[in-house]
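Q: To start, I am sharing the structure in question, which I have written as structure tokens.
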Amino acid sequence: MNTVDKETALEHTAHKRIKEVLSLDGDADRLTKFYRQWASTYDLDVVQYRYCAPTIVAELAAVVQMAYLDKERAATAILDAGCGTGLVGVELERLGFRLIDGFDLSNEMAEKARETRVYRDVRGDVDLSLPLSGYSASYDITVCCGVLTLGHVQPDRLRELARVTRPKGFIIANTRRSYADAACFADEVKRLEDAGVLVLAQCLYDGRYVAEEDAHYWVFRIPEKGRSPEK
Ligand SMILES: C[S@@+](CC[C@H](N)C(=O)[O-])C[C@H]1O[C@@H](n2cnc3c(N)ncnc32)[C@H](O)[C@@H]1O
């Protein structure tokens, strides 16, 4: 097989995997099993898929810290929700963040994130579709990259991301366009705004995400005195 054929074959395999994972209906057991098998080649596959979201999310976190937070970057506590193999953490560390925690449904993906050594704490077997026990409203910024997506996590879990973010802190999340449309993400944002859980601070619409599709990049601010997010 020549180099071009090899690259095409890799791309084909990556696209097949990604298509498959997006059809898992948020079923935790199937997602766990799928990511267990994918953990070792995930980073290579997403390069083939031209996945640039982790860099954009991390750069947005840096801008938010500079524009709005009264803390040094190295003292800004970040939670990487659905951290996967740690692609976002690596970018955050490159930009000077030092207090980065992460969690993921998959133990194997979480272990890869741990191996990057950029996280202070990484937990596996943590399901964002359930209440996040052990996490309180302590994070300055919560990032959620590639998780509020087809076959993964529903928009209403933004509430739980808001719960673990401190008042006047921020959530940065992306949603590929087809997910945002199909799951009526903007309607959920409106519901949460009306309930005083969060406020939309910025949105980069139709930003680069993967080869085949763009995504919206959302920045939410947690109000100073929010109502109880779990109600
Ligand atoms: C497309 S990957 C994104 C990983 C990483 N954030 C990135 O940008 O490379 C989706 C990740 O979400 C995790 N995940 C899926 N459902 C989840 C859930 N209910 N709770 C926590 N993590 C979940 C998967 O295990 C996987 O690591």
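Every read-out reported here was derived from the displayed coordinates using simple, explicitly stated rules and does not represent laboratory data. Because the structure is predicted, anything quoted here is derived from the model rather than measured. With ideal geometry, Cβ positions are generated from the backbone for all residues, glycine too; neighbour counts draw on all protein chains shown.
Q: Would you kindly work out the equivalent ellipsoid of the stretch 3-48 from its C-alpha gyration tensor and give its semi-axes, the square roots of five times the eigenvalues, largest first in whole Å?
A: Here the semi-axes work out to 23, 11, 6 Å.
Q: In addition: Can you tell me which aspartates and glutamates have their Cα less than 17 Å from the Cα of Lys19? Leave out same-chain residues fewer than eight positions away.
A: Glu11, Asp27, Asp43, Asp45, Glu212, Glu213, Asp214
Q: Hey, which of these cross-link pairs are over 23 Å Cα-Cα: Lys71/Lys225; Lys168/Lys190; Lys16/Lys190; Lys33/Lys112; Lys71/Lys168?
A: Going by Cα-Cα distance, Lys16/Lys190 fall outside the 23 Å limit.
Q: A further question on this structure: What order do you get for Lys225, Lys33 when you list them from fewest to most C-beta neighbours inside 10 Å?
A: Ordered by Cβ neighbours within 10 Å, fewest first: Lys225, Lys33.
Q: Is the shape of the stretch 87-170 best called rounded, prolate or oblate, per the rule: a/c under 1.5 gives rounded, else a/b larger than b/c gives prolate, else oblate, with a ≥ b ≥ c the square roots of the Cα gyration tensor eigenvalues?
A: Oblate is the answer for the stretch 87-170, as a/c is 1.5 or above yet b/c matches or exceeds a/b.
Q: Given a cut-off of under 8 Å on Cα pairs at least six residues apart, what relative contact order in percent is computed for the chain?
A: This gives 18 percent for the chain.
Q: Now for a separate question. Among the DSSP beta bridges whose two residues both lie in the chain, what percent are antiparallel, rounded to the nearest 5?
A: Taking every DSSP beta bridge within the chain, about 45 percent pair in antiparallel fashion.
Q: Based solely on its DSSP helices, what 222 nm [θ] is calculated for the chain when runs of n ≥ 4 H residues each add -39,500 (n - 2.57) and the sum is averaged over all residues, nearest 500 deg cm²/dmol?
A: -12000 deg cm²/dmol
Q: Could you give the length gained by full extension between Thr8 and Glu72, i.e. 0.36 nm per residue of separation minus their alpha carbon distance, to one decimal place?
A: Full extension from Thr8 to Glu72 adds 18.6 nm.
Q: Rounded, prolate or oblate: pick one for the stretch 53-221, where a ≥ b ≥ c are the square roots of the eigenvalues of its C-alpha gyration tensor, a/c under 1.5 means rounded, and failing that, prolate if a/b is larger than b/c, else oblate.
A: Rounded.
Q: Gap in Å between the Cα centre of the stretch 32-58 and the Cα centre of the stretch 69-97?
A: The distance from the Cα centre of the stretch 69-97 to that of the stretch 32-58 comes to 18 Å.
Q: Helix 53-68 versus the longest principal axis of the chain: what is the Cα-based angle in degrees, 0 to 90, to the nearest 10?
A: With both axes taken from Cα atoms, the answer is about 20 degrees.
Q: If you average the C-alpha positions of the stretch 124-138 and of the stretch 193-217 separately, how far apart do those two centres end up, in angstrom?
A: 22 Å
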